[in-house]
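The values are calculated or read from the model by the stated rules, or taken from the named source; none is laboratory data. Keep in mind that what you see is a predicted model, and the values were worked out from it rather than measured. For neighbour counting, all protein chains shown are included, and Cβ atoms are generated from backbone atoms with ideal geometry for every residue, glycine included. Surface accessibility is based on the protein's heavy atoms, side chains included, excluding ligands, DNA and RNA. Shrake-Rupley method; radii C 1.70, N 1.55, O 1.52, S 1.80 Å.
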Amino acid sequence: MSLLAVRDLSKRFGGVKALAGVTFTVEPGQVLGIIGPNGAGKTTLLNCISGLTRPDAGDIRWDDRSISGMPAYRIARLGIGRTFQIVRPFPSMTVRENTAMGGLFGRPDGRLQPAAALKAADEVIDLVGLGEKRHHAVLRLTVPDRKRLEVARALAMHPRLLLLDEVMAGLNQVEVEQALTMVRRVQEGGVTIVLIEHVMSVIVGVCTHALVLNFGRTLIEGPPAEVLNDPRVIEAYLGERYARRQQPPPAPPSKGDGNAQA
Ligand SMILES: Nc1ncnc2c1ncn2[C@@H]1O[C@H](COP(=O)(O)OP(=O)(O)OP(=O)(O)O)[C@@H](O)[C@H]1O
Ligand SMILES: [Mg+2]
(Lines give C-alpha, C1' and ligand atoms only; values in the text may rest on other atoms or scores of the structure.)
(Ligands and ions follow the chains in the order given, each with its own letter.)
Protein backbone atom coordinates (compact mmCIF):
# COMPACT_ATOMS: atom_id res chain seq x y z
CA MET A 1 0.00 0.00 0.00
CA SER A 2 1.30 3.45 -0.90
CA LEU A 3 2.02 5.91 1.90
CA LEU A 4 0.49 8.73 -0.12
CA ALA A 5 -1.72 8.42 -3.19
CA VAL A 6 -2.76 11.52 -5.12
CA ARG A 7 -5.42 10.90 -7.76
CA ASP A 8 -6.64 13.28 -10.45
CA LEU A 9 -6.04 16.35 -8.27
CA SER A 10 -7.27 19.67 -9.66
CA LYS A 11 -7.20 23.22 -8.36
CA ARG A 12 -8.18 26.40 -10.14
CA PHE A 13 -7.52 30.02 -9.10
CA GLY A 14 -9.92 32.12 -11.15
CA GLY A 15 -8.88 31.50 -14.73
CA VAL A 16 -5.63 29.74 -13.79
CA LYS A 17 -5.60 25.95 -13.69
CA ALA A 18 -2.83 25.48 -11.10
CA LEU A 19 -3.42 21.71 -11.00
CA ALA A 20 -5.20 19.96 -13.84
CA GLY A 21 -5.52 16.30 -12.87
CA VAL A 22 -2.31 15.21 -11.15
CA THR A 23 -1.91 11.54 -10.22
CA PHE A 24 1.05 9.90 -8.45
CA THR A 25 1.95 7.78 -5.44
CA VAL A 26 4.69 7.97 -2.83
CA GLU A 27 6.00 4.72 -1.36
CA PRO A 28 7.57 4.44 2.09
CA GLY A 29 11.28 5.34 2.04
CA GLN A 30 11.18 7.21 -1.26
CA VAL A 31 12.65 10.65 -1.87
CA LEU A 32 10.44 12.07 -4.62
CA GLY A 33 11.71 15.20 -6.38
CA ILE A 34 9.11 17.45 -7.99
CA ILE A 35 10.46 19.78 -10.64
CA GLY A 36 8.98 22.02 -13.31
CA PRO A 37 8.87 25.63 -14.52
CA ASN A 38 7.74 28.56 -12.37
CA GLY A 39 3.98 28.47 -11.97
CA ALA A 40 3.70 24.77 -12.86
CA GLY A 41 1.68 24.06 -9.71
CA LYS A 42 4.37 22.56 -7.46
CA THR A 43 3.65 24.62 -4.36
CA THR A 44 -0.10 24.34 -4.93
CA LEU A 45 0.34 20.56 -4.91
CA LEU A 46 2.12 20.65 -1.53
CA ASN A 47 -0.50 23.07 -0.23
CA CYS A 48 -3.27 20.64 -1.16
CA ILE A 49 -1.46 17.69 0.45
CA SER A 50 -0.79 19.61 3.67
CA GLY A 51 -4.33 21.00 3.87
CA LEU A 52 -3.56 24.65 3.27
CA THR A 53 -5.45 24.68 0.00
CA ARG A 54 -8.66 22.76 -0.62
CA PRO A 55 -8.53 20.98 -3.99
CA ASP A 56 -11.48 21.37 -6.39
CA ALA A 57 -11.46 17.74 -7.45
CA GLY A 58 -9.57 14.50 -7.02
CA ASP A 59 -8.47 12.64 -3.94
CA ILE A 60 -5.47 12.49 -1.60
CA ARG A 61 -5.07 9.29 0.42
CA TRP A 62 -2.70 8.90 3.35
CA ASP A 63 -2.28 5.37 4.64
CA ASP A 64 -5.27 4.51 2.45
CA ARG A 65 -7.53 7.04 4.15
CA SER A 66 -8.78 10.17 2.37
CA ILE A 67 -7.34 13.41 3.79
CA SER A 68 -8.52 15.60 0.93
CA GLY A 69 -9.91 18.87 2.31
CA MET A 70 -8.98 18.04 5.93
CA PRO A 71 -7.75 21.02 7.97
CA ALA A 72 -3.97 21.55 8.03
CA TYR A 73 -3.52 20.96 11.77
CA ARG A 74 -5.15 17.52 11.53
CA ILE A 75 -3.05 16.54 8.53
CA ALA A 76 0.08 17.65 10.41
CA ARG A 77 -0.84 15.44 13.36
CA LEU A 78 -1.33 12.47 11.03
CA GLY A 79 2.40 12.69 10.32
CA ILE A 80 2.81 15.00 7.32
CA GLY A 81 5.28 17.82 8.01
CA ARG A 82 6.16 20.62 5.61
CA THR A 83 8.31 23.68 5.05
CA PHE A 84 7.30 26.88 3.28
CA GLN A 85 8.87 28.36 0.15
CA ILE A 86 8.43 31.78 1.80
CA VAL A 87 9.80 31.06 5.27
CA ARG A 88 7.57 31.95 8.21
CA PRO A 89 9.44 31.88 11.52
CA PHE A 90 8.03 33.42 14.70
CA PRO A 91 10.17 36.57 14.65
CA SER A 92 10.42 37.27 18.38
CA MET A 93 11.63 33.77 19.26
CA THR A 94 14.98 32.02 19.13
CA VAL A 95 15.91 29.18 16.80
CA ARG A 96 15.32 26.70 19.61
CA GLU A 97 11.93 28.13 20.55
CA ASN A 98 10.79 28.23 16.92
CA THR A 99 11.80 24.62 16.43
CA ALA A 100 10.07 23.53 19.63
CA MET A 101 6.75 24.79 18.18
CA GLY A 102 6.66 21.70 15.99
CA GLY A 103 6.81 19.47 19.05
CA LEU A 104 4.31 21.55 21.01
CA PHE A 105 1.56 21.52 18.42
CA GLY A 106 2.16 19.14 15.54
CA ARG A 107 3.14 15.71 16.86
CA PRO A 108 1.22 12.58 15.91
CA ASP A 109 1.88 11.18 19.40
CA GLY A 110 0.19 14.07 21.18
CA ARG A 111 1.51 17.39 22.42
CA LEU A 112 4.83 17.50 24.20
CA GLN A 113 5.30 19.49 27.39
CA PRO A 114 7.48 22.58 26.83
CA ALA A 115 10.62 21.06 28.40
CA ALA A 116 10.29 17.90 26.29
CA ALA A 117 9.60 19.97 23.16
CA LEU A 118 12.79 21.99 23.74
CA LYS A 119 14.80 18.79 24.24
CA ALA A 120 13.36 17.30 21.04
CA ALA A 121 14.14 20.59 19.29
CA ASP A 122 17.83 20.32 20.24
CA GLU A 123 18.14 16.99 18.44
CA VAL A 124 16.79 18.23 15.13
CA ILE A 125 18.61 21.58 15.36
CA ASP A 126 21.88 19.64 15.35
CA LEU A 127 20.68 17.52 12.44
CA VAL A 128 20.02 20.57 10.24
CA GLY A 129 23.32 22.21 11.19
CA LEU A 130 22.05 25.08 13.35
CA GLY A 131 23.56 23.75 16.60
CA GLU A 132 25.75 26.76 17.26
CA LYS A 133 22.91 29.17 16.59
CA ARG A 134 20.23 27.54 18.73
CA HIS A 135 19.94 30.59 21.00
CA HIS A 136 20.05 33.16 18.19
CA ALA A 137 17.02 35.33 17.50
CA VAL A 138 15.63 34.28 14.11
CA LEU A 139 15.85 37.86 12.85
CA ARG A 140 19.65 37.45 12.91
CA LEU A 141 19.57 34.40 10.65
CA THR A 142 20.60 34.43 7.00
CA VAL A 143 18.11 33.17 4.42
CA PRO A 144 19.80 29.73 4.12
CA ASP A 145 19.69 29.39 7.91
CA ARG A 146 16.01 30.34 7.95
CA LYS A 147 15.43 27.52 5.47
CA ARG A 148 17.30 25.13 7.78
CA LEU A 149 15.06 26.34 10.59
CA GLU A 150 12.00 25.52 8.49
CA VAL A 151 13.26 21.96 8.14
CA ALA A 152 14.03 21.74 11.87
CA ARG A 153 10.54 22.92 12.85
CA ALA A 154 8.94 20.41 10.48
CA LEU A 155 11.16 17.58 11.78
CA ALA A 156 10.29 18.45 15.38
CA MET A 157 6.79 17.26 14.50
CA HIS A 158 8.20 13.77 13.96
CA PRO A 159 6.61 13.42 10.53
CA ARG A 160 6.51 10.17 8.57
CA LEU A 161 6.35 12.25 5.39
CA LEU A 162 8.29 15.49 5.01
CA LEU A 163 7.36 17.98 2.27
CA LEU A 164 10.19 20.39 1.41
CA ASP A 165 9.47 23.41 -0.80
CA GLU A 166 12.72 24.76 -2.29
CA VAL A 167 14.76 24.58 0.90
CA MET A 168 18.01 24.63 -1.09
CA ALA A 169 17.28 27.71 -3.18
CA GLY A 170 20.01 30.33 -2.72
CA LEU A 171 22.50 27.94 -1.13
CA ASN A 172 26.07 27.79 -2.43
CA GLN A 173 27.59 24.50 -3.54
CA VAL A 174 29.07 23.66 -0.13
CA GLU A 175 25.76 24.44 1.56
CA VAL A 176 23.87 22.30 -0.97
CA GLU A 177 26.20 19.38 -0.14
CA GLN A 178 25.49 19.87 3.56
CA ALA A 179 21.76 20.01 2.86
CA LEU A 180 21.98 16.78 0.82
CA THR A 181 23.68 15.06 3.74
CA MET A 182 20.87 16.30 5.97
CA VAL A 183 18.19 14.95 3.63
CA ARG A 184 19.95 11.58 3.46
CA ARG A 185 20.14 11.39 7.26
CA VAL A 186 16.46 12.24 7.56
CA GLN A 187 15.64 9.51 5.04
CA GLU A 188 17.84 7.01 6.88
CA GLY A 189 15.87 7.88 10.01
CA GLY A 190 12.80 6.40 8.30
CA VAL A 191 11.16 9.56 6.97
CA THR A 192 9.74 9.57 3.45
CA ILE A 193 10.40 12.82 1.58
CA VAL A 194 8.79 14.83 -1.21
CA LEU A 195 10.88 17.82 -2.23
CA ILE A 196 10.51 20.63 -4.74
CA GLU A 197 13.76 21.96 -6.19
CA HIS A 198 15.09 23.92 -9.13
CA VAL A 199 18.62 22.71 -8.33
CA MET A 200 19.18 19.66 -10.50
CA SER A 201 22.20 18.40 -8.54
CA VAL A 202 19.79 17.91 -5.65
CA ILE A 203 17.40 15.87 -7.76
CA VAL A 204 20.22 13.65 -9.01
CA GLY A 205 22.03 13.61 -5.67
CA VAL A 206 19.30 12.53 -3.35
CA CYS A 207 16.02 11.63 -5.09
CA THR A 208 14.97 8.05 -5.72
CA HIS A 209 12.25 9.27 -8.12
CA ALA A 210 11.44 12.45 -10.02
CA LEU A 211 8.19 13.92 -11.28
CA VAL A 212 7.91 16.84 -13.67
CA LEU A 213 4.92 19.15 -13.44
CA ASN A 214 4.08 21.40 -16.36
CA PHE A 215 0.93 23.55 -16.56
CA GLY A 216 -0.58 21.64 -13.63
CA ARG A 217 -0.10 18.24 -15.24
CA THR A 218 2.41 15.42 -14.85
CA LEU A 219 4.73 15.58 -17.84
CA ILE A 220 6.75 12.50 -16.87
CA GLU A 221 7.85 10.58 -13.79
CA GLY A 222 10.58 8.00 -13.24
CA PRO A 223 14.20 7.58 -12.19
CA PRO A 224 15.88 11.03 -11.95
CA ALA A 225 18.57 10.41 -14.57
CA GLU A 226 15.98 9.21 -17.08
CA VAL A 227 13.59 12.09 -16.38
CA LEU A 228 16.28 14.78 -16.72
CA ASN A 229 17.38 13.38 -20.08
CA ASP A 230 13.88 13.23 -21.52
CA PRO A 231 13.54 15.58 -24.53
CA ARG A 232 10.11 16.75 -23.31
CA VAL A 233 11.62 17.86 -19.99
CA ILE A 234 14.47 19.64 -21.74
CA GLU A 235 12.00 21.40 -23.99
CA ALA A 236 9.51 22.40 -21.28
CA TYR A 237 11.85 23.17 -18.42
CA LEU A 238 15.56 22.50 -18.43
CA GLY A 239 16.37 24.27 -21.65
CA GLU A 240 19.00 23.61 -24.22
CA ARG A 241 21.81 25.17 -22.19
CA TYR A 242 21.34 22.66 -19.36
CA ALA A 243 21.22 19.74 -21.77
CA ARG A 244 24.42 20.86 -23.52
CA ARG A 245 26.27 21.19 -20.21
CA GLN A 246 25.22 17.72 -19.10
CA GLN A 247 25.85 15.74 -22.22
CA PRO A 248 27.71 16.86 -25.26
CA PRO A 249 26.94 16.10 -28.21
CA PRO A 250 24.33 18.84 -28.53
CA ALA A 251 20.69 18.29 -27.62
CA PRO A 252 17.85 19.09 -30.03
CA PRO A 253 16.69 22.73 -30.17
CA SER A 254 14.47 23.67 -27.27
CA LYS A 255 12.06 26.33 -26.08
CA GLY A 256 12.73 25.63 -22.40
CA ASP A 257 13.34 28.81 -20.42
CA GLY A 258 16.28 27.32 -18.60
CA ASN A 259 15.35 28.53 -15.10
CA ALA A 260 16.65 25.27 -13.73
CA GLN A 261 20.10 25.24 -12.18
CA ALA A 262 22.63 22.50 -12.75
N1 LIG B 1 -3.51 31.73 -3.83
C2 LIG B 1 -3.45 31.90 -5.15
N3 LIG B 1 -4.28 32.76 -5.77
C4 LIG B 1 -4.25 32.92 -7.12
N5 LIG B 1 -3.40 32.27 -7.93
C6 LIG B 1 -2.54 31.41 -7.37
C7 LIG B 1 -2.51 31.18 -5.96
N8 LIG B 1 -1.56 30.26 -5.69
C9 LIG B 1 -1.01 29.94 -6.87
N10 LIG B 1 -1.60 30.61 -7.88
C11 LIG B 1 -1.28 30.48 -9.32
O12 LIG B 1 -1.27 29.10 -9.62
C13 LIG B 1 -0.19 28.77 -10.49
C14 LIG B 1 0.71 27.74 -9.83
O15 LIG B 1 1.40 28.36 -8.75
P16 LIG B 1 2.42 27.58 -7.81
O17 LIG B 1 2.84 28.54 -6.76
O18 LIG B 1 1.82 26.31 -7.39
O19 LIG B 1 3.63 27.30 -8.82
P20 LIG B 1 5.08 26.69 -8.54
O21 LIG B 1 5.24 25.55 -9.47
O22 LIG B 1 5.27 26.44 -7.09
O23 LIG B 1 6.04 27.87 -9.04
P24 LIG B 1 7.48 28.38 -8.50
O25 LIG B 1 8.51 27.47 -9.13
O26 LIG B 1 7.60 29.77 -9.01
O27 LIG B 1 7.47 28.31 -6.99
C28 LIG B 1 0.50 30.09 -10.81
O29 LIG B 1 -0.04 30.58 -12.02
C30 LIG B 1 0.13 30.97 -9.64
O31 LIG B 1 0.13 32.34 -10.01
MG1 LIG C 1 6.53 27.19 -5.66
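Checked against the criterion of being more than 17 Å from residue 154 (Cβ to Cβ), more than 16 Å from ligand 2 (Cβ to nearest atom) and buried (at least 20 other Cβ atoms within 10 Å of the Cβ), the candidates 114, 55 yield just one match: 55.
The selection criterion, being open to solvent by 10 Å² or more (accessible area, probe 1.4 Å) and under 17 Å from the mean Cα position of the chain (by Cα), holds for residue 72. Scoring residue 87 on the criteria (1) under 24 Å from residue 160 (Cβ atoms); (2) surrounded by fewer than 21 Cβ atoms within 10 Å (Cβ to Cβ); (3) modelled with pLDDT of 95 or more; (4) within 16 Å of ligand 2 (Cβ to nearest atom) leaves a single failure, condition (3). Against the list (1) within 16 Å of ligand 2 (Cβ to nearest atom); (2) on the phi > 0 side of the Ramachandran plot; (3) open to solvent by 30 Å² or more (accessible area, probe 1.4 Å), the condition residue 41 fails is (3). Could we say that residue 196 is within 16 Å of ligand 1 (Cβ to nearest atom) and either open to solvent by less than 30 Å² (accessible area, probe 1.4 Å) or of a type in the set (Gly, Ala, Ser) (or both) here? Against the criterion (within 16 Å of ligand 1 (Cβ to nearest atom) and either open to solvent by less than 30 Å² (accessible area, probe 1.4 Å) or of a type in the set (Gly, Ala, Ser) (or both)), residue 196 qualifies. Taking the listed residues 7, 82, 88, the one that is more than 18 Å from residue 194 (Cβ to Cβ) and among the basic types (Lys, Arg) is 88, with no other qualifying. Selection of the range 119-138 for residues being buried (at least 19 other Cβ atoms within 10 Å of the Cβ) and either aliphatic (A, V, I, L, M) or touching a Lys or Arg at 6+ places or on another chain (Cβ under 6 Å) (or both) yields 120, 121, 124, 125, 128, 130, 138.
A single member of 177, 166 is within 16 Å of ligand 1 (Cβ to nearest atom) and open to solvent by 10 Å² or more (accessible area, probe 1.4 Å), and it is 166.
Go through the range 21-38 and report how many residues are open to solvent by 10 Å² or more (accessible area, probe 1.4 Å) and either within 14 Å of residue 190 (Cα to Cα) or near ligand 2 (Cβ under 9 Å from one of its atoms) (or both). Walk me through how you get there before you give the answer.
Initial filter on the range 21-38 (open to solvent by 10 Å² or more (accessible area, probe 1.4 Å)): 21, 23, 25, 27-30, 37-38.
Pick out the ones that are also either within 14 Å of residue 190 (Cα to Cα) or near ligand 2 (Cβ under 9 Å from one of its atoms) (or both) and you get 27-30, 38.
Residues meeting the conditions: 5.
The lone criterion from (1) in contact (Cβ under 8 Å) with a residue 40 or more places away in the chain; (2) open to solvent by 50 Å² or more (accessible area, probe 1.4 Å) left unmet by residue 100 is number (2).
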